[in-house]
2 protein chains.
Amino acid sequence: MLKKEKLDETALIKYIEKLSLETQKFNKSLIVESIGDDCAVIEDKKKILVSSDSITENVHFNLGPYDFDEVGKKSLLVNLSDIAAMGGIPRLFLLSLFIPPYIETADIKQLLRGIIAEAKKYRVSLIGGNISSASELSVSITIIGDCKGEGIRRFNSKSGNAVYVSGELGNSWMAFYLNSNKNSIFKNRRNLKPEDKKLIADFIDKYKLPEPRINLGKKLFDKMLANSLTDVSDGIFKDIFNVIGKGCGCEIKIEDVPVNRDLKKIVRILGIKDYMDKVVSFGEDYELLWTFDREYTKKELSELSDSCGAGIKKIGYIDDKPANLAFLKNGVPFVPQNFTFRHIQL
Amino acid sequence: MLKKEKLDETALIKYIEKLSLETQKFNKSLIVESIGDDCAVIEDKKKILVSSDSITENVHFNLGPYDFDEVGKKSLLVNLSDIAAMGGIPRLFLLSLFIPPYIETADIKQLLRGIIAEAKKYRVSLIGGNISSASELSVSITIIGDCKGEGIRRFNSKSGNAVYVSGELGNSWMAFYLNSNKNSIFKNRRNLKPEDKKLIADFIDKYKLPEPRINLGKKLFDKMLANSLTDVSDGIFKDIFNVIGKGCGCEIKIEDVPVNRDLKKIVRILGIKDYMDKVVSFGEDYELLWTFDREYTKKELSELSDSCGAGIKKIGYIDDKPANLAFLKNGVPFVPQNFTFRHIQL
């Protein structure tokens, strides 16, 4: 038993090392030495961005509805989003795998291929990490990016600034909900039309993994079009706090929060109540959320939108009333029900 | 229940942030932005060393015999050793905590104070990380160091090079063995003299945490006194492979492997058999292991020894017989019994 594990781990390291080579060509000039020594050695003349984030079985995902390669993909994508949320470019990463005994080597390889597929798509290079036994599956990644300046910070907005968000919120929640419940939905709701089923299946496919907004973040930085920037990982209801400047508050109209048309259709079909509660509090959207000291021109809006292939929406204003920090629904203060935090980052 | 967890985590982040400030003064010029934004921002004109390592409950430690602050200390020390094993200076770190529900906030705070105590001792700064729920306690750290050059690599030795090791091997094994079994040792062995008991208790105290050889690593680099360097994390029987150059082998005399005098005494007192098997294969020593193209002069030896407050010992030679890679015991090839890997790093 121990011998088997030993052989597997050594083989796994070789496998990871081989896969990492496929990613290292993207950042050759930064990588002096990578996997195989006590440390990786890197060299970067710009400011360096560094962040770590972990996903854990039963906390951030359940193995039932998700494939191993999807778990791998997501573990990298959430980290890429942290670099996007500074306006930087992700370059390198380290991977810590916690592997429980009930997971087969083939599954871990699938997870790794998921990570590497996204690494290639976003041109980031695997340069180190470690493997540990554990009682459940966790993937912890440290992402290293760079930036010509110091990146776009949080908490930097002033009264009167406009608040913008990219894409649509709630898609990750809906995809997660549908994916986790699809068997019971398809079985128990006999009145579902074939086109409804297709709508649901397509929605899961399209939105079960987030898309880090790297190009948008970079555009905001390069064109100096944001004074505070973060990503929506915990739900906009919480993440909004991260762009509000000292002594300020904000006013966000729930009606202006961008929501997917198909999500609304599915909400109607399945009779889901109070869906906006989830849209603003479930999180895992990994859209960008930022402020700017004036409203964008049409040209700026379309440029920003083009950079990420998604809409850009003004959803409210920063004001000077810190006590008045509020989401409004039909003009009345709004707090989502069952509001919980799922994710914590230092 | 959920509400409690939420409050705890938010308070915990604040607590970590406060502790991190105590460490950030050590590397002010490198830290542009730390905890509180989407990424930390760093700036380093030298080559940057980066490595991650994790320790997990029931794999790398058991909570029974170890205090939480010792678990915290160890999680940082093993990472510092990776920087030492390149000849670099550790500067910054990110911390990923995986916290199971059965651990109290007070215990996590104790663990954090352990980490911060070592961070202060070695002047490294906490700049980011994340917290996740989990079913067992894990601590994953990414360490960032720097180096004037590219560090001292592995696999770089040539036939005829001398092999050196710092300190003594097996102390971590013996401290772990004694600490894990001290109740039964003290209870079942009525013939133990008071001075034997004191010897055992002192040994545990002194060696249950490793001492990363940062000053020694830096000295080896600055004075160009090593051509291959690593740390002994998996046991010298495995780690020796990391300093052997291409097409080479080595000859290590087991009799020359430095072993603590008190360890030998305890082995005699407790009647432990084949202890050298454990000394060369248990690992967790975090001593440095390296090669050089000639033997050191007496002056060099004493300088290196002074840099780390521990002995430096020549234990063998690199040769040109890759098939002949061997530990010799009384001139006969030697393989430790029950040889297992406990630790894997990419």
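Rule-based calculations on the coordinates, nothing more; no lab input. Note that the structure is predicted; figures quoted are calculated from it, not measured. Note that we place each Cβ from the backbone using ideal geometry, even for glycine, and neighbour counts take in every protein chain shown.
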What is the packing order of peptides B:20-29, A:251-260, taking the mean over residues of other C-beta atoms within 10 Å and listing the highest first? A:251-260, B:20-29
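What does the structure give for A:287-295 when I average, per residue, the other chain Cβ atoms found within 10 Å of the residue Cβ?
Going residue by residue through A:287-295 and averaging, the value is 0.
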Can you list the copy-to-copy distances for B:Asn183, using a point 7 angstrom from Cα toward Cβ, in nanometres, shortest first? 4.2
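Of the DSSP beta bridges with both residues in chain B, give the percent that are antiparallel, rounding to the nearest 5.
Details: 41 of 54 bridges.
Counting DSSP beta bridges with both partners in chain B, the antiparallel share is about 75 percent.
Distance cut-off 32 Å, Cα to Cα: go down the list B:Lys18/B:Lys187; A:Lys73/A:Lys299; B:Lys299/B:Lys329; B:Lys120/B:Lys298; B:Lys28/B:Lys314; A:Lys18/B:Lys158 and report the pairs above it. List each step's numbers first, then the result.
Working: B:Lys18/B:Lys187 43 Å; A:Lys73/A:Lys299 34 Å; B:Lys299/B:Lys329 30 Å; B:Lys120/B:Lys298 34 Å; B:Lys28/B:Lys314 39 Å; A:Lys18/B:Lys158 26 Å.
In this structure, B:Lys18/B:Lys187; A:Lys73/A:Lys299; B:Lys120/B:Lys298; B:Lys28/B:Lys314 lie more than 32 Å apart at Cα.
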Once amide H atoms are placed 1.01 Å from N in the peptide plane, what residues at a sequence separation of 5 or more from B:Phe61, or on another chain, have their amide H within under 5 Å of its amide H? B:Thr56
Could you list which residues have their amide H under 5 Å from that of A:Lys253, counting only those 5 or more apart in sequence or on another chain, with H placed in the peptide plane? A:Leu328
Ranked from highest to lowest mean number of other Cβ atoms within 10 Å per residue, what is the order of the peptides A:103-110, B:31-38, B:187-194? B:31-38, A:103-110, B:187-194
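If you count, for every residue in B:137-150, the Cβ atoms of partner chains within 10 Å of its Cβ, what is the mean? All intermediate terms of the calculation are to be shown ahead of the outcome.
Values: counts 0, 10, 0, 12, 4, 12, 2, 6, 2, 1, 3, 0, 2, 5.
The per-residue average across the peptide is 4.
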From the label point of B:Asp205, set 7 Å from Cα along Cα→Cβ, how far away are the matching label points in the other copies, in nm, ordered shortest to longest? 6.8
In order over region A:277-287: 3J(HN,Hα) from phi, Karplus 6.51/-1.76/1.60, θ = phi - 60°, whole Hz, x for each Gly or Pro, gives 4, 6, 4, 8, 10, 6, x, 6, 6, 6, 7
Amide H to amide H, which residues 5 or more places from B:Ile152 or on other chains are under 5 Å from it, using H placed in the peptide plane? B:Gly87
Rounded to whole Hz and in sequence order, give me ³J(HN,Hα) for region A:103-115 from the Karplus expression 6.51 cos²θ - 1.76 cosθ + 1.60, θ = phi - 60°, writing x for Gly and Pro. 9, 6, 4, 4, 5, 5, 5, 5, 4, 5, 5, x, 4
If we hang a label 7 Å off Cα along the beta carbon direction at B:Lys120, how far is it from the matching labels on the other copies, in nm, shortest first? 5.0
With no solvent and one point on each alpha carbon, what is the Debye value of log10 I(q)/I(0) for chain A at q = 0.15 Å⁻¹? -1.29
Inter-chain shielding of B:53-60 (mean C-beta neighbours from other protein chains, 10 Å cut-off): 5
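At 0.36 nm per residue, minus the direct Cα-Cα distance, what do A:Asn58 and A:Asn191 gain on full extension? Give it in nm, one decimal, please.
Working: separation 133, 0.36 × 133 = 47.88 nm, distance 3.20 nm.
Full extension of this stretch gives 44.7 nm more.
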Give me the lysines in straight-line cross-link reach of A:Lys193: C-alpha distance below 28 Å, same-chain residues under 8 apart excluded. A:Lys182, A:Lys206, A:Lys208, A:Lys264, A:Lys265, A:Lys273, A:Lys278
Backbone HN-Hα couplings from phi across region B:150-163 [Karplus 6.51/-1.76/1.60, Hz, Gly and Pro as x]: 9, x, 9, 7, 8, 6, 10, 7, 10, 3, x, 4, 7, 9
Charge dipole (debye, nearest 20) of the protein assembly as shown; +1 at Cβ of Lys and Arg, -1 at Cβ of Asp and Glu: 120 debye
